[in-house]
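The values are calculated or read from the model by the stated rules, or taken from the named source; none is laboratory data. This is a predicted model, so every value here is computed, not measured. When we count neighbours, we look across all protein chains shown, and the Cβ atoms used for this are built from the backbone with ideal geometry, even at glycine. Areas reflect the complete protein model, heavy atoms only, side chains present, ligands, DNA and RNA absent. Shrake-Rupley method; radii C 1.70, N 1.55, O 1.52, S 1.80 Å.
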Amino acid sequence: NKNTGYSYVIKRNNLFPGENKIVVEVNGNNGEKLTYTKIINVNKKPVIVIDPGHGGKDSGASGMFNGIKVSEKTYALAFATELNKVLSASGFTTIMTRADDRFIELSDRATIANNNHADLFFSFHHDSSSNASAKGAFVIYPSAKTKSISESIISESADVAEYVKKSMLDMGFTSRRNGTDQSISGYTLAVLR
């Protein structure tokens, strides 16, 4: 309360539709422990930002498909557009960072999500390889605590990533590098910070 001199701000995108139970435990120096519980009901419709990677001057990875040169930006947009259709039809509020072949700065992609209090942020990318048999899918998510990434964000992100990965495997994708790419740190990517 106002007499303690402490305050804690709960961001709107950390609350989900329905009943949210907030529990605060206070441990005194003398071993005394106090617990405060608050229920917050939210009638919020989840906001999902869908980010087709690359675009415009940034073509991303490129390769050959049936003798035709293809660019990552094209397929990232196609996958993101299909996800947008499905989620919109399911009643979610969706926002695309780009809906055509244009370049959007990484910081602007993150700003779009932050300004719209996004509950989820999906960024689509497609790798290329000189190995024609290379295939599979993996999910990168915030995995290390930083100034802008809390333990709760890591935990929630891991839960979502696990669900997304399972869904991809159920659709027939093969797992790449056991599902997460250990050579890329999730906290170093601008859109995850």
Length released on extending from Tyr163 to Asn131, taking residue separation times 0.36 nm less the Cα-Cα span: 8.7 nm
So how tilted is helix 106-115 from the main axis of the chain? Cα-based, degrees 0 to 90, rounded to 10. 40 degrees
Report, in deg cm²/dmol and to the nearest 500, the calculated mean residue ellipticity at 222 nm for the chain, where each DSSP H run with n ≥ 4 adds -39500 (n - 2.57) and the sum is divided by the residue count. -8000 deg cm²/dmol
Once you've got the Cα coordinates, tell me which of Lys44/Lys85; Lys57/Lys166; Lys21/Lys45; Lys145/Lys166; Lys45/Lys135 are over 27 Å apart. Lys57/Lys166; Lys45/Lys135
Tell me which aspartates and glutamates have Cα within less than 19 Å of Lys165's Cα, excluding those fewer than 8 residues away on the same chain? Asp51, Glu82, Asp119, Asp127, Glu156, Asp181
Under 14 Å from the 7 Å Cα→Cβ point of Lys21, by amide nitrogen: which residues of segment 28-60? 36-41
Show which lysines lie in cross-link reach of Lys147 when reach means a straight Cα distance below 24 angstrom and same-chain residues fewer than eight apart are skipped. Lys11
State the Cα centre-to-centre distance between segment 118-135 and segment 155-169 in whole Å. 15 Å
Looking only at segment 75-103, which residues have a backbone nitrogen under 11 Å from a spot 7 Å from the Cα of Lys57 in the C-beta direction? 103
FRET efficiency estimate (nearest 0.05) - Cβ-Cβ, Asn114 to Tyr36, R0 35 angstrom: 0.75
Treat every Asp and Glu Cβ in segment 104-148 as -1 and every Lys and Arg Cβ as +1, leave all other atoms uncharged, and give the resulting dipole magnitude about the Cα centre to the nearest 20 debye. 180 debye
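Out of the total accessible area of segment 34-193 (probe 1.4 Å, heavy atoms of protein only), what percent is carbon and sulfur?
C and S atoms contribute 54 percent here.
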In the chain, which longest range has no GluC sites (Glu not before Pro) that are both DSSP loop (not H, G, I, E or B) and surrounded by at most 14 other Cβ atoms within 10 Å? 106-193
Give me the accessible area per residue for segment 1-113, probe 1.4 Å, as a whole number in Å². 70 Å²
For segment 1-110: rounded, prolate or oblate by the Cα gyration tensor [a/c cutoff 1.5]: prolate
Roughly what angle does helix 151-170 make with the longest principal axis of the chain, taking Cα atoms, 0 to 90 degrees, to the nearest 10? 40 degrees
